[in-house]
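Take a look at the structure set out below.
The values are calculated or read from the model by the stated rules, or taken from the named source; none is laboratory data. Computed from a predicted model, the values in this text were never measured in an experiment. Here Cβ is always computed from backbone atoms with ideal geometry, including for glycine, and neighbour counts include all displayed protein chains. For the accessible areas, the whole protein counts, side chains as well, though only heavy atoms, and no ligand, DNA or RNA atoms are used. Shrake-Rupley method; radii C 1.70, N 1.55, O 1.52, S 1.80 Å.
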Amino acid sequence: MDIKQIFKNNEAWIKEKLRLNDQYFENLAKGQNPDILYIGCSDSRVTAEDLMGVHPGEVFVHRNIANMVPNTDLNVMSVITYAVRHLEVNHVVVCGHYNCGGVKAAMQSADLGILNPWLRNIRDVYRIHHEELDLIQNDDDKYNRLVELNVQEQCINVIKTADVQRAYRERNLTVHGWVFDLKTGRLIDLKIDFGAILKNIMSIYRLA
Ligand code: CO
């Protein structure tokens, strides 16, 4: 890719935005008030705003390898606290995607250096759900199911945070688990039963 082209694209983008609204950037600079926190995969094919059809200012975005929410990761934990406590978003989305390289890597026996502890979190998801996963004969089906279960477990990790528990009680914040299907472009709602999960785990994980 020609890096110079990116700056040309940027100039064209500015022109187009100003053509539709000459106050566009002045308004953008005033501040943000997003209602959604999106936690997705860094995969270059799964662009947060594009697939949701939303515009700058509407969604607070965090992306990492395989849309993980490890509770010792200061990066994702800071993002959740900032979005929930300070921006006061009412929705937290964890969005995975089929054909996720991170999930695939975690299904293989390989030493990947510094990626090992990161991917270990996905191996833990496999271990928690191994009875269901081991029954799936087809490797692609097993891989896709692990993608879904990983989203579910990361949603549970979101629910384990004090900020989310407090925001649920005070203003009914909701956590959503989605999967993006690269082959069709479709966004699939896994319909995670947030209330039921919360009820289930609160005896152990209640913080706030
Ligand atoms: Co991915």
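Figure legend. Inter-residue proximity from the stretch 60-81: first residues farther than 24 Å from residue 31 by Cβ, second residues more than 10 Å from the ligand (Cβ to nearest atom) and open to solvent by 10 Å² or more (accessible area, probe 1.4 Å), beta-carbon distance below 6 Å, spacing 6+ or different chains. Indicated pairs: 68/121; 69/157; 70/121.
For the stretch 29-45, how many residues are touching a residue at least 12 places away in the same chain (Cβ under 8 Å) and over 30 Å from residue 119 (Cβ atoms)? So the count comes out to 3.
Could you tell me whether any residue of the stretch 1-18 is assigned to a loop (DSSP other than H, G, I, E, B) and either surrounded by fewer than 10 Cβ atoms within 10 Å (Cβ to Cβ) or within 27 Å of the chain's Cα centre (by Cα) (or both)? For the stretch 1-18, residues assigned to a loop (DSSP other than H, G, I, E, B) and either surrounded by fewer than 10 Cβ atoms within 10 Å (Cβ to Cβ) or within 27 Å of the chain's Cα centre (by Cα) (or both): present.
Number of residues in the stretch 37-56 that are away from the ligand (no atom under 13 Å from the Cβ), open to solvent by 40 Å² or more (accessible area, probe 1.4 Å) and in a loop (DSSP other than H, G, I, E, B) equals 3.
Applying the criterion of at least 3 residues that are without any contact (Cβ under 8 Å) to a residue 24 or more places away in the chain and of a type outside the set (Phe, Trp, Tyr) to the helices (runs of 4 or more DSSP H) found wholly in the stretch 118-208 leaves 130-134, 139-159, 194-205. Condition first: hydrophobic (A, V, I, L, M, F, W, C), more than 16 Å from the ligand (Cβ to nearest atom), farther than 16 Å from residue 40 by Cα and surrounded by fewer than 17 Cβ atoms within 10 Å (Cβ to Cβ). Can you find one or more residues in the stretch 77-86 that meet it? The answer is no; no qualifying residue exists.
For the stretch 63-117, a residue qualifies if it is touching a helix residue (DSSP H, G or I) at 6+ places or on another chain (Cβ under 6 Å), over 15 Å from residue 162 (Cβ atoms) and part of a helix (DSSP H, G or I), and the qualifying residues are 103, 105, 106. The one condition from (1) within 26 Å of residue 80 (Cα to Cα); (2) of a type outside the set (Ser, Thr, Tyr); (3) open to solvent by 50 Å² or more (accessible area, probe 1.4 Å) that residue 108 does not meet is (1).
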